[in-house]
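Have a look at the structure below, then the notes.
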């Protein structure tokens, strides 16, 4: 009888250890997913900002306009003289 109780206790410990390791793995995957999402978002937002910047001339003066598109697709921003 004592042997059966010892065996059941070992099985329970092994099961709890497996559950614990599984939960740690899930948590690590969640952290990795958030980190990857953050990196992808940072890269895509920097690319879209570069795409929306434009350089042109106004009355013979070189200007750089930086802004974003509004809801109607119009470019909204400010123009400043380039040195």
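Bear in mind that the values in this text are calculations on the coordinates, not laboratory data. Predicted model only: the values in this text are computed from it and were never measured.
Points worth noting:
- Segment residue 49-residue 26, length gained on full extension (0.36 nm per residue, minus Cα span): 4.8 nm
- Added length on full extension, which subtracts the Cα-Cα distance from 0.36 nm per residue, residue 14 to residue 34: 4.1 nm
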